[in-house]
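The values are calculated or read from the model by the stated rules, or taken from the named source; none is laboratory data. Treat the numbers as computed from the prediction; the structure is a model and nothing was measured. Here Cβ is always computed from backbone atoms with ideal geometry, including for glycine, and neighbour counts include all displayed protein chains.
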């Protein structure tokens, strides 16, 4: 098999485990930074290693469109192309086709869509998505799925979920590099518990090496997401890794772990970093705010990361205001470090059976001093690196 | 004294030397990367150290306007603020006031100008420029000078040069931190040999610890610059370092060294990196060009830098086209490495008395394969880091 996952220790539903891949071991629960376009934005692979990142996520849709599968394949695969030696999980492109493609047409055969880059027309079938991911050479691959927006009707969600199951089976039949790549099943079904249950039953019948929970963290209230996890977890096999797609805030990561999730990915830490927002144990800081102009403290005085050991909030704010790339490098580095070290703490707590203590401490601290003066950030507008010499 | 400079070896007019500062030794001839806004664009101090950068240049004008002198002073000076432990040379701001300030008025007292950031009015006198640089705590400081554009008339150039001499003397009188900061004299006089001679005589009478050659590399043909250096060098004291301001192309660095120059700075390597252009021994490559889309070779197969050891032209081109910050990080790293290692080669050649061999090899190679299909770069437009996840 391409991967092996084993439980090291359990506390209630939370599991500390080890994911063994040909490219290294990933301790779980694990957060995977996102390298959408074959780079985790603003970071080198060495920096990710230094931080302790185990596995990256990259995007089939983006890489297929640019630079194209052929050059990546000729380079020896995605790992060689981007100079990352650890394991990589690739998303199938389903989510991106539905969120980015301006025009798309779904049939049982697959999805016809237009490139968000140049408007050209493309067709993805489940088979094609597997082929592209085989050319990329990622370690864990995802089947093409039919993603519905939030909110979506029961009927629409049911139809898309059932199609996703059929597509997952077709993906599996098409898969050739069984010994090198693990194809996960994706549980869909939106916010409808009944559909989630049906999907779990249908998917687990095919004994995938791991299960992703898709279609969550797409705008629904967090409580709904947590409820769906409560429904899904008992229906998934105990000894397979569970991957909650698109989750990357500290609170949701912890709640996910408490509900038996093992893998997570999200653009949140890197995206908000480019807006000048950083993660701390008590919430978020928007470093562009004027109140940090003369603040010579590090982002978090208790953080041991490279950024917090060497730079002040005032300096990083200066860089961000001046449009300097280093500003974004530093906020990105800190945010990834924050999540990676938070996951390490969680794993440690599970092994020590002290998860309750961690949960209590986290909940009493997180959000207590959250900022209220960061309205400027709501637009999600990214800082432009336009500083000139 | 704040600095000490000694000649290690000479070959004709070229000198291999050592600049001793309180913050470390800089082997000369040396190229100083520019950290305009308290950061060498896209780089960390650790990366600069890894490359072998000895000394940085930063800009009084920019730092005075943003983030302001007070916060830098409170942080413990520019070194602490930006986390760079090596020596720093600060420019006085004269060049920036004349090149960036939309409205300015020069009197014998100083320069009134408007900020290019917010239009506010400011006044710089020679005394003020020294005060600001004392607050920044740089190791080598420059006197405010009256810079004229190229071309400028003899009369205008003469007036500005003579004023710059008077201002240099006022700067010296105002200087307080004599033991911590070396104030260089700046030789002005434009393209007029007679004025350059007069300026050398006037400035050297005051025995500055080093001499900068200003007002060159501002658009004049390179031959004119080289001719001025031929005139100036014999009139400057042998045992003081000579700093050719604003030069950073490999050919001009070499020609400067051959004419007795010891220090250089320029935004060229970092600025063109943000346009996707990289320096190689045979000229420049514009990596955004389509011809690199499937080119799996490193930038320079003979280069030993981090970038050339791990990344292909095709990958870097992909990053640049996709607006990824890592693309600019990699081109910037390579370009600085290229110039720093080129200067190390030059120093080695001087010590081995093999400068002729190096000059011959360089001239026979440089520009021979220069690209002709990079018109897209002429605008100087910088790539925007706008990639979204």
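Being under 23 Å from the mean Cα position of the chain (by Cα) and at pLDDT 95 or above: is that true of residue A:153 here?
Considered against the rule, which asks whether it is under 23 Å from the mean Cα position of the chain (by Cα) and at pLDDT 95 or above, residue A:153 comes out as no.
Looking at the stretch A:1-17, which of the residues that are surrounded by fewer than 19 Cβ atoms within 10 Å (Cβ to Cβ) and out of contact with any strand residue (DSSP E or B) (no Cβ under 8 Å at 6 or more places or on another chain) is nearest to residue A:138 (Cα to Cα)?
Only one residue tops the list, namely A:13.
Which residue is surrounded by the fewest Cβ atoms within 10 Å (Cβ to Cβ), if the candidates are limited to the stretch A:229-246 and must be touching a helix residue (DSSP H, G or I) at 6+ places or on another chain (Cβ under 8 Å) and within 20 Å of residue A:355 (Cα to Cα)?
Checking each candidate, the answer is A:229.
Among (1) more than 30 Å from residue A:121 (Cβ to Cβ); (2) part of a strand (DSSP E or B), where does residue A:54 come up short?
(2)
Considering each of A:48, A:20, A:57, A:65 in turn, give the residue that is in the same structural domain as residue A:142 (by TED's automatic domain parsing) and surrounded by 24 or more Cβ atoms within 10 Å (Cβ to Cβ).
A:57
Of everything in the stretch B:294-312, what is touching a helix residue (DSSP H, G or I) at 6+ places or on another chain (Cβ under 7 Å), crowded, with 17+ Cβ neighbours inside 10 Å and either facing chain A (nearest Cβ under 7 Å) or under 20 Å from residue A:77 (Cα atoms) (or both)? Give them in sequence order.
Correct list: B:295, B:298, B:299, B:307, B:308, B:311.
Within the stretch B:345-389, count every residue that is at pLDDT below 55 and in contact with a strand residue (DSSP E or B) (Cβ under 7 Å, 6 or more places away or on another chain).
The number of residues fulfilling the criteria is 5.
Residues being in contact (Cβ under 8 Å) with a residue 24 or more places away in the chain and within 14 Å of another protein chain (Cβ to nearest Cβ): count how many of those fall in the stretch A:319-367.
Of the residues in the stretch A:319-367, 15 are in contact (Cβ under 8 Å) with a residue 24 or more places away in the chain and within 14 Å of another protein chain (Cβ to nearest Cβ).
Criterion first (out of contact with any strand residue (DSSP E or B) (no Cβ under 6 Å at 6 or more places or on another chain) and crowded, with 24+ Cβ neighbours inside 10 Å) does residue B:126 satisfy it?
Judged against the criteria, residue B:126 is a match.
Check off (1) within 14 Å of chain B (Cβ to nearest Cβ); (2) under 17 Å from residue A:41 (Cβ atoms); (3) buried (at least 22 other Cβ atoms within 10 Å of the Cβ) for residue A:315 and give me the number that stays unchecked.
(2)
Scan A:160, A:80, A:155, A:168 and give me the residue that is farther than 22 Å from residue A:184 by Cβ, assigned to a helix (DSSP H, G or I) and away from chain B (no Cβ under 14 Å).
A:155
Just to be sure before I move on: is residue B:183 at pLDDT 95 or above and farther than 16 Å from residue B:261 by Cβ in the structure I sent?
Taking the combined requirement at face value, the residue satisfies it.
Given the criteria free of Cβ contacts under 8 Å to residues at least 12 places away in the same chain and under 18 Å from residue B:97 (Cβ atoms), does residue B:194 qualify?
Here the answer is no, as residue B:194 does not meet what is asked.
Which one of A:260, A:283, A:323 is closer than 23 Å to residue B:333 by Cα and surrounded by fewer than 22 Cβ atoms within 10 Å (Cβ to Cβ)?
A:323
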